[in-house]
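All remarks here apply to the structure that follows.
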């Protein structure tokens, strides 16, 4: 689960991390009221789970309450990467002298948490890693000892931070690490950590991603659960209770079981196709789930074909077939669909599909070859 900027900052504040004065607003008038309370130049920031807010016009300065109202009216309701802005963060504009990056995430290859510090803050760390990897100081943490003072100094020196930043960075990094552990995070970032003109450090932005599997330990975060995510189709799939990840190809992939779906992605790729998504309907999926899965995949206008790969265990082949036939009746499907159906009640399912426009395949490899050929032909 991803937190919005203001939600992350509320958590930071609980751990003593200095943040700019401000609050979230849901209307232009509320934004003007907050600006009046602050009594100085404010920054109005769109609150959506998307990067590039500034370039999209979602972050603007306002010198007074009237301007804050006007700016908020422009931002609230706009779309950034397909996500509608429903609220803005109105906070005191920082006197920025320099910007740094602090982050902690999980390095799965090393099986350790990794701390990263960079002098190049204010831009996405992925961009820094690609363009200037030497600018990122990294340290894998031993879970038995955690983050120590000497390690913080080491990171600061390796990142070439100035003395003013070195003095205060430790408190921020310790608090960030505590947030990371206490909230079962998979990512916690302060980007940028701003050094102001008067030599103070403040967290000007936040990015926190929580492990969904640990949310039962954090009932206080239930208020932060959002339907909005990075991708509007993923958000819609989440509403429908589907396990869906959008990719960049043109062949929709639907299967039952994460391992089978991932294998299907690989086989389609090997046959020269480009998977458009990962969609796992899970075990025991009923007909209505199958119909919803097809409809969700077709929300992506790049999809030119769908490959259904079902291995029936507790999932019944006849139920899957009924869902496919229902989808054909109620959805205007203009792309080819290849079906590989085997396992529990597969014979009954295939019998139901006879005479339909769906293309059958005896094996996963055959199905991958057929859908790639059909997509290329079209």
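The values are calculated or read from the model by the stated rules, or taken from the named source; none is laboratory data. Worth saying up front: this structure is predicted, and the values here are computed from it rather than measured. For neighbour counting, all protein chains shown are included, and Cβ atoms are generated from backbone atoms with ideal geometry for every residue, glycine included.
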Could you tell me whether region 78-89 includes any residue that is assigned to a strand (DSSP E or B), at pLDDT 95 or above and on the phi < 0 side of the Ramachandran plot?
yes
Failed condition for residue 290, given (1) in contact with a helix residue (DSSP H, G or I) (Cβ under 6 Å, 6 or more places away or on another chain); (2) in a helix (DSSP H, G or I); (3) over 21 Å from residue 322 (Cβ atoms), with all others met?
(3)
If you go through region 320-329 one residue at a time, do you hit one that is touching a strand residue (DSSP E or B) at 6+ places or on another chain (Cβ under 6 Å) and in the same structural domain as residue 239 (by TED's automatic domain parsing)?
yes
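This table checks each residue for (1) touching a helix residue (DSSP H, G or I) at 6+ places or on another chain (Cβ under 9 Å); (2) in the same structural domain as residue 207 (by TED's automatic domain parsing); (3) in contact (Cβ under 8 Å) with a residue 60 or more places away in the chain.
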residue: 9; (1), (2), (3): no, no, yes
residue: 12; (1), (2), (3): yes, no, yes
residue: 35; (1), (2), (3): yes, no, no
residue: 45; (1), (2), (3): yes, no, no
Scanning region 127-145 for residues that are under 27 Å from the mean Cα position of the chain (by Cα), closer than 22 Å to residue 179 by Cα and outside any strand (DSSP E or B) gives 141, 143
If we scan region 296-315, do we find a residue that is free of Cβ contacts under 8 Å to residues at least 60 places away in the same chain, surrounded by fewer than 22 Cβ atoms within 10 Å (Cβ to Cβ), in the same structural domain as residue 244 (by TED's automatic domain parsing) and in a helix (DSSP H, G or I)?
no
Leading residue by the ranking (nearest to residue 132 (Cα to Cα)) among those in region 95-112 that are in contact with a strand residue (DSSP E or B) (Cβ under 8 Å, 6 or more places away or on another chain) and in a loop (DSSP other than H, G, I, E, B)
110
